[in-house]
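Have a look at the structure below, then the notes.
The values are calculated or read from the model by the stated rules, or taken from the named source; none is laboratory data. Small disclaimer: the values here were computed from a predicted structure and weren't measured. Here the Cβ positions follow ideal geometry from the backbone for every residue, glycine too, while neighbour counts run over all protein chains shown.
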Amino acid sequence: MAIEPHRVELVLDLTPGTAVAERVIAEIDRDRDRSISAEEGRAYAQQVVGALVVDIDGRPLRLTLIDNEFPAIDAMMTGIGTVRLRAQASLPALNGGRHHLHYRNTHQPSGSVYLANALMPSNDRVAVTSQHRDVDQRELTIDYTLRGENATLIGGVVMIGIGAALACLAVIRRRSSIAQAPSH
């Protein structure tokens, strides 16, 4: 799960083990032709994404499927084929400070094994402070801090201002010492 100031992106890697592969394939390959069409893949991906519950500070978010990739059925049958789904949600306007992103996966909890993690933020305005999971890792709460949009800009302006003030002070001191220097 990747958090940015204005959106969150989820990447789900689903690898059916050999014990459940046939059942999962039957769920995806609706026409039973032993191949996954774009329509079948999209329908399954929508079903999985529809079973995800995400909220920010208790406010529900609407996830949108943005991409799906399906391996060959033979790879899935041997337990090495991974389905990759990507979904995202826009975040409401958030003030700087602490926030909590909660994720729950309700898709086929029986017989599934989960692993949920936050990715390292790519935006320096976001700092993940902690992650809390339930025992089965179907639920993950990510605590993070969001710095205001102008935080980096203000910091840079302050540093430039301090640097300019020190440079001016050095010039004033230098002129003062030249003016006060004894003449020979």
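Restricting to region 80-90, and then to whatever is assigned to a loop (DSSP other than H, G, I, E, B) and not polar (S, T, N, Q), can you tell me which residue is surrounded by the fewest Cβ atoms within 10 Å (Cβ to Cβ)?
Ile80
Return only the number of the condition from (1) at pLDDT below 95; (2) assigned to a strand (DSSP E or B) that Ser122 does not satisfy. Condition not satisfied by Ser122: (2).
On the basis of being more than 22 Å from Val53 (Cα to Cα), at pLDDT 80 or above and assigned by TED's automatic domain parsing to the domain that holds Leu52, does Asp136 make the cut? It is false that Asp136 is more than 22 Å from Val53 (Cα to Cα), at pLDDT 80 or above and assigned by TED's automatic domain parsing to the domain that holds Leu52.
Residue by residue, here is whether (1) more than 29 Å from Glu27 (Cβ to Cβ); (2) surrounded by 15 or more Cβ atoms within 10 Å (Cβ to Cβ); (3) of a type in the set (Ser, Thr, Tyr); (4) not assigned by TED's automatic domain parsing to the domain that holds Arg34 holds:
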site: Asp67; (1), (2), (3), (4): no, no, no, no
site: Thr78; (1), (2), (3), (4): no, no, yes, no
site: Pro92; (1), (2), (3), (4): yes, no, no, no
site: His102; (1), (2), (3), (4): no, yes, no, no
site: Pro109; (1), (2), (3), (4): no, no, no, no
site: Ser122; (1), (2), (3), (4): yes, no, yes, no
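Beta carbons closer than 8 Å, at least 6 apart along the sequence or on distinct chains, pair a first residue in region 32-57 that is in the same structural domain as Thr82 (by TED's automatic domain parsing) with a second that is exposed (fewer than 12 other Cβ atoms within 10 Å of the Cβ) and not hydroxyl-bearing (Ser, Thr, Tyr) for Arg32/Ala26; Ser37/Asp31; Glu40/Asp31; Val53/Pro60; Val54/Pro60; Ile56/Pro92.
I'd like to know if region 74-85 contains one or more residues that are at pLDDT 80 or above, charged (D, E, K, R) and more than 24 Å from Pro16 (Cβ to Cβ). Checked region 74-85: no residue is at pLDDT 80 or above, charged (D, E, K, R) and more than 24 Å from Pro16 (Cβ to Cβ). Being assigned to a strand (DSSP E or B), of a type outside the set (Gly, Ala, Ser) and exposed (fewer than 15 other Cβ atoms within 10 Å of the Cβ) is not true of Asp55. Ser130 passes every criterion in (1) among the polar types (S, T, N, Q); (2) part of a loop (DSSP other than H, G, I, E, B); (3) under 16 Å from the mean Cα position of the chain (by Cα) apart from (2). Can you say whether Val24 is of a type in the set (Val, Ile, Thr) and surrounded by 16 or more Cβ atoms within 10 Å (Cβ to Cβ), as far as the supplied structure shows? Against the criterion (of a type in the set (Val, Ile, Thr) and surrounded by 16 or more Cβ atoms within 10 Å (Cβ to Cβ)), Val24 qualifies.
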